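Here, each number is a calculation from the coordinates, and none is a lab measurement. Values in this document were obtained by computation on a predicted structure and should not be read as measured data. Cβ coordinates were reconstructed from backbone atoms using ideal geometry, including for glycine residues, and neighbour counts include every protein chain displayed.
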Amino acid sequence: MPTPQTIVQVRGVSKRYQLGHVPVVALAEVSADIHANRFTVISGPSGSGKSTLLNLIGSLDVPDTGSIRVGNDHLSSLSDDQRSQFRARQIGFVFQSFNLISVLSAIENIEYPLRLTDTPKAQSRARASELLAAVGLAGKGHHLPSQLSGGQRQRVAIARALVARPALVLADEPTANLDRATGEDIIRLMRRMQHDTGTTFVFSSHDPALLEVADDRIHIVDGRIDRVEPASEILS
């Protein structure tokens, strides 16, 4: 079996935050590889550092020490403007609170990342319509987020994350605010979209249903990697 391609390489990454006068170590000398075209879950208890690692991979934050490479981009060498361009070009985000723009319709939310890159309006609308249908919401394009259920809003968020054809989708606890049945529907949808698009999905989650379908699992405890379980071990 061929060795899977590494799309994310994390080496010796540490991150500390200051809570009042108390320093909190979120990550301590973390190293990990994430493989392309796979479904990877970063798991661990609350406060373990999994969301911090996801934010660093997505260049929403910068590590205190260590290095992160995503594709051919070495994040530590990027300026603030270059990191913004990197996120727009390479990363799609899905959040547990959906983070949709309340005054925009579903289809406008989906096409929003393309409008930020000056994609022609007709092209961005066509691509958004394609993704809206792909996530099963073809008849809901003109609905505002307040007119959609939680599961429908998360479907819009998934479509938005994929609209610019990113190499990597990062999802932070995407099922946390959904009931079990809806969460399982969303997991099946993301798995299908990952298969159809070849996009790499990386999650922070402790949802057992998501862990069960992962190709790879990276378990973090107290800011350190406790274990890594590739698909061959998970399925054995």
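In plain terms, the residue of LYS140, LYS50 with the fewest other Cβ atoms within 10 Å comes first and the most crowded comes last, giving LYS140, LYS50. Take the Cα of LEU60, go 7 Å toward its beta carbon, and the backbone nitrogen atoms of the range 19-46 under 15 Å from that spot belong to 42.
For a quick check, take a GNM of the chain with Cα springs below 10 Å and name the residue from GLY12, GLY49, GLY92 with the largest mean-square fluctuation. Among GLY12, GLY49, GLY92, the largest GNM mean-square fluctuation belongs to GLY12.
From the Kirkwood radius over Cα pairs of the chain, Stokes-Einstein at 25 °C and 0.890 mPa s returns a whole-number translational diffusion coefficient of 134 µm²/s. Among ASP215, ASP118, ASP61, the largest mean-square fluctuation in a Gaussian network model of the chain, built with springs joining Cα atoms closer than 10 Å, belongs to ASP118.
With a Förster radius of 41 Å applied to the C-beta separation of SER76 and LEU104, the computed FRET efficiency comes to 0.75.
Each peptide in 192-198, 20-26 gets a packing score, the mean of other Cβ atoms within 10 Å over its residues, and the list from highest to lowest is 192-198, 20-26. A Förster radius of 45 Å, combined with the Cβ-Cβ distance separating LYS121 from LEU211, puts the computed FRET efficiency at roughly 0.65. Taking the number of Cβ atoms within 10 Å of each Cβ as an exposure proxy, the fewest-first ranking of SER79, SER129 is SER79, SER129.
Could you work out how far the C-alpha centroid of the range 54-80 sits from that of the range 160-235, in angstrom? Going from one Cα centre to the other spans 21 Å.
Amide hydrogen proximity for VAL169: with H placed 1.01 Å from N in the peptide plane, the residues at 5 or more positions away or on another chain lying under 5 Å are GLY92, THR200, PHE201, VAL202. By the beta-carbon count within 10 Å of each Cβ, the least crowded to most crowded order of VAL135, VAL156, fewest first, is VAL135, VAL156. Dipole size of the chain about its Cα centre, with +1 on Lys/Arg Cβ and -1 on Asp/Glu Cβ: approximately 560 debye, rounded to the nearest 20. Secondary-structure-derived ellipticity at 222 nm for the chain, considering helices only, amounts to -10500 deg cm²/dmol, per-run term -39500 (n - 2.57) for DSSP H runs with n ≥ 4. For the chain, modelled as a GNM whose springs connect Cα atoms under 10 angstrom apart, the maximal fluctuation among PHE86, PHE203, PHE95 occurs at PHE86.
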